[in-house]
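The values are calculated or read from the model by the stated rules, or taken from the named source; none is laboratory data. In this text the structure is predicted, and so the values were computed from the model without any measurement. Ideal geometry is used to build each Cβ from the backbone, glycine not excepted, and the neighbour counts take in all protein chains shown.
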Ligand code: GDP
Ligand code: IMO
Ligand code: MG
């Protein structure tokens, strides 16, 4: 980004100068990009943008429940498993051990990219230690349709992680070893058929069919599979920089999210270390990505949710429909207690605010500043989803700017009230904003001034 600073007023010039400092710092540090809220914050767009400055981009968790959108001019890509660094020629892309892989989904994604002129061969690496998703995982997800309704993506994610933790999962390395795999898969399908029957499901799977189907996937995975932890650590030792792409988000984390309305993996920044085999000491910065408002797809507590036409208008303007499932996303206002919690859990060093343009029409913008429960303001995020469900959000209303910000690429061009809104979020969350996204395309981004540098 080239900015002619000479013609700008003094204060803006200082701001732009600080922005440039932050810009130059990105790419020098090993960085985790993590979702602050309940997913779909625009992580894909941000990872694609930053990937230009990194040598290696790696996904550390989740599976094809993720949908990361990248818009390059009029081209739109949605990636579910492959890191969003692949659009940058020559960059290495790694799927780490923390990811659960449905080989059929990976195959589709590689083919989709190839069709559109992007060849991942020779630069996409998949961990030997990553666990695989099988048809029996989807079957179990359907069969176990009792108890709490979480509104999952139905892709077998939870059951695959269950098997991993239960020490009966099947990994990429197992699949590549014909004999081991044969035994494991037969046992797994047999066991899951019994369980499905016990849960009164009518679905049953054929062992040989699954085995045969996966034997084909073995040939897809064989040239891609390596010890990715070793690869990443060698790259780091050689002075290469690493960008770690989070999937899902803080409030969907298995430990720190709104349990049980969460996904089944460690989505927070700490998950990057275990999900890649990169030591925590190698992680030098954590970038939190948050919308200028808030969304959630699926069930679970959402204190700042907007009910009624105002929420529908934001859904329409922000095109808030799941990139993968097409489900309408629930919309709400920016939530400061959630933001502060995410900062604490992830150790966020910089914040990215996306979809600022979606709020352009509003005369006033409420921001949730606290949660009231039984007459008291809560000091910490409640552990019980049932409590979070009942909290009463406290709001402060900020003035809107009612002027278009879509596509702006310079901080100095933002309306004063939009800058005030960002400054307010920065001050109240105690987190420096380094980037602001003003549209879905790569270029529709601006580097913001920040208190943390310069
Ligand atoms: P992710 O899962 O965090 O990568 O986010 P998704 O790709 O699921 O959802 C984000 C959606 O918002 C995508 O459709 C993006 O193209 C779009 N998007 C990202 N940044 C912006 C922005 O600043 N403004 C607008 N209007 N859309 C954006
Ligand atoms: P990205 O990476 C938004 C939600 C599901 C459901 C819950 C559990 O695109 O931000 P699962 O299938 O994972 O067992 O479902 O988690 N969920 C997401 N919501 N963005 C995502 O990923 C999500 N991945 C899972 O809707 O509520
Ligand atoms: Mg998404």
Residue satisfying all of: in the range 67-76; at negative phi and touching a strand residue (DSSP E or B) at 6+ places or on another chain (Cβ under 8 Å); nearest to ligand 3 (Cβ to nearest atom) among these: 67
Residue tally, condition in a loop (DSSP other than H, G, I, E, B) and buried (at least 21 other Cβ atoms within 10 Å of the Cβ), over the range 93-128: 4
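Out of the strands (runs of 3 or more DSSP E) lying entirely within the range 30-92, which hold 1 or more residues that are over 25 Å from residue 336 (Cα atoms), more than 13 Å from the chain's Cα centre (by Cα) and more than 12 Å from ligand 2 (Cβ to nearest atom)? If you could, list the steps in order and put the result at the bottom.
Numbers: elements: 31-35, 56-59, 68-72, 75-79.
Filter on the range 30-92 gives 56-59, 68-72, 75-79.
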Enumeration of residues in the range 287-307 that are more than 21 Å from residue 356 (Cα to Cα) and either away from ligand 3 (no atom under 14 Å from the Cβ) or outside the structural domain of residue 243 (by TED's automatic domain parsing) (or both): 299, 300, 301
All positions within the range 292-315 that are surrounded by 21 or more Cβ atoms within 10 Å (Cβ to Cβ), within 14 Å of ligand 1 (Cβ to nearest atom) and more than 17 Å from the chain's Cα centre (by Cα): 314
Residue match in the range 327-336 (condition: touching a helix residue (DSSP H, G or I) at 6+ places or on another chain (Cβ under 6 Å) and under 14 Å from residue 368 (Cα atoms)): yes
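Matching residues to (1) more than 16 Å from ligand 2 (Cβ to nearest atom); (2) touching a strand residue (DSSP E or B) at 6+ places or on another chain (Cβ under 6 Å):
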{"residue": "320", "(1), (2)": "no, yes"}
{"residue": "343", "(1), (2)": "yes, no"}
{"residue": "349", "(1), (2)": "yes, yes"}
{"residue": "361", "(1), (2)": "yes, no"}
Within the range 316-340, considering residues that are away from ligand 3 (no atom under 15 Å from the Cβ) and surrounded by fewer than 20 Cβ atoms within 10 Å (Cβ to Cβ), the one farthest from residue 64 (Cα to Cα): 340
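Could you count how many residues in the range 377-390 are out of contact with any helix residue (DSSP H, G or I) (no Cβ under 6 Å at 6 or more places or on another chain) and closer than 20 Å to residue 428 by Cα? Give the steps one after another, and end with the answer.
Residues of the range 377-390 that are out of contact with any helix residue (DSSP H, G or I) (no Cβ under 6 Å at 6 or more places or on another chain), as a first pass: 377-380, 383-390.
Remaining after also requiring closer than 20 Å to residue 428 by Cα: 377-380.
Here the count works out to 4.
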Residue in the range 56-69 that is surrounded by fewer than 24 Cβ atoms within 10 Å (Cβ to Cβ), more than 23 Å from residue 265 (Cβ to Cβ), in the same structural domain as residue 296 (by TED's automatic domain parsing) and at pLDDT 95 or above present: no
Members of the range 229-264 found to be in a helix (DSSP H, G or I) and either more than 30 Å from residue 185 (Cβ to Cβ) or touching a helix residue (DSSP H, G or I) at 6+ places or on another chain (Cβ under 7 Å) (or both), listed by number: 229, 232, 233, 234, 235, 236, 237, 250, 251
Restricting the range 163-215 to residues that are over 34 Å from the mean Cα position of the chain (by Cα) and not in a helix (DSSP H, G or I), the residue that is nearest to residue 98 (Cα to Cα): 206
